[in-house]
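Student: Can you keep this structure in mind? I'll have questions shortly.
The values are calculated or read from the model by the stated rules, or taken from the named source; none is laboratory data. As the structure is a prediction and not an experimental result, all values here were calculated from the model. Counting neighbours? That spans all protein chains shown, and the Cβs are built from the backbone with ideal geometry, glycine included. To get the accessible areas, we keep the full protein, side chains included, count just its heavy atoms, and leave off ligands, DNA and RNA. Shrake-Rupley method; radii C 1.70, N 1.55, O 1.52, S 1.80 Å.
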Amino acid sequence: YLPVRLLPIRSPADLDPDLARVSASGSPVILTRPQDVNTITGYTLVRDINDQPILLLQVDSPRHVYQQAMATLIFLLTAFLVIGVIYVVATELLLRRYIISPLMNLDASMKEIGQRRDLSERLPSNGDDEIASLRGSLNEMLQELQDKETELAKRGELLAEANRKANLYLDIYMDVLTYEI
């Protein structure tokens, strides 16, 4: 059931400016415009035998397609928003689990080794990702530092022994010089 109304026209000047366009020659036969979100109204002129407008036919029709389109748009926007939030949360959790936490643990372990000055300590190197590779590289660096420290300690001992011998020879030389004088 569609509500239909026939409105008499006394003169085209009585018409709304939009509806006056329907009465002009070469204009569209039917003019439609939305009344509200639920209704759309269509207008056309009924002409007499002399091609003069005498009645304005108005038909009100429900806007089911518009309402369905708006419901679909709201659903899609909500779905995109929910998917976006899920994506951001999942990305944050994955980044925290696989990148941020391992790097923070690596940083804390390296700071702890640095504070203790124990170069014999090693980082656990499990997995086959880039962070495990970084741990392996840091362990190699710690091993090289430990080797260099050991070598430096040996050289320090050799230097101390050479210094002791030099002082001994110096003492002997001084004793000989003092005796000769």
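Student: Select, from Leu145, Leu119, the only residue that is in contact with a helix residue (DSSP H, G or I) (Cβ under 6 Å, 6 or more places away or on another chain) and either among the polar types (S, T, N, Q) or open to solvent by less than 90 Å² (accessible area, probe 1.4 Å) (or both).
Tutor: Leu119
Student: From Val65, Val59, Val29, which residue is aliphatic (A, V, I, L, M) and within 19 Å of Pro17 (Cβ to Cβ)?
Tutor: Going through Val65, Val59, Val29 in turn, the sole match is Val29.
Student: Name the single residue, out of those in the range 47-78 being closer than 18 Å to Leu2 by Cα and either among the hydroxyl-bearing types (Ser, Thr, Tyr) or in a loop (DSSP other than H, G, I, E, B) (or both), that is most open to solvent (accessible area, probe 1.4 Å).
Tutor: The extreme case among them is Tyr66.
Student: What number of residues within the range 36-46 are over 23 Å from Arg10 (Cβ atoms) and open to solvent by less than 70 Å² (accessible area, probe 1.4 Å)?
Tutor: Total meeting the criteria: 2.
Student: In this structure, is Arg33 surrounded by 10 or more Cβ atoms within 10 Å (Cβ to Cβ), at pLDDT 70 or above and farther than 26 Å from Gln68 by Cβ?
Tutor: Here the answer is no, as Arg33 does not meet what is asked.
Student: Taking into account only those residues within the range 130-181 that are among the polar types (S, T, N, Q) and under 30 Å from Ser101 (Cα atoms), which is modelled with the lowest pLDDT?
Tutor: Ser133
Student: Taking Ala108 and the conditions (1) open to solvent by less than 70 Å² (accessible area, probe 1.4 Å); (2) part of a helix (DSSP H, G or I); (3) of a type in the set (A, V, I, L, M, F, W, C); (4) in contact (Cβ under 8 Å) with a residue 12 or more places away in the chain, which numbered condition does it fall short on, given that it satisfies the others?
Tutor: (4)
Student: Out of curiosity, is Leu145 part of a helix (DSSP H, G or I) and among the aliphatic types (A, V, I, L, M)?
Tutor: Yes: the conditions hold for Leu145.
Student: While we're looking at this one, here's another question. In the range 3-20, which residues are under 19 Å from Asp51 (Cβ atoms), at pLDDT 70 or above and open to solvent by 60 Å² or more (accessible area, probe 1.4 Å)?
Tutor: Leu6, Leu7, Pro8, Arg10, listed by residue number.
Student: Return the residues of the range 111-138 that are charged (D, E, K, R) and in a helix (DSSP H, G or I); say none if nothing qualifies.
Tutor: Residues satisfying the conditions are Lys111, Glu112, Arg116, Glu130, Arg135.
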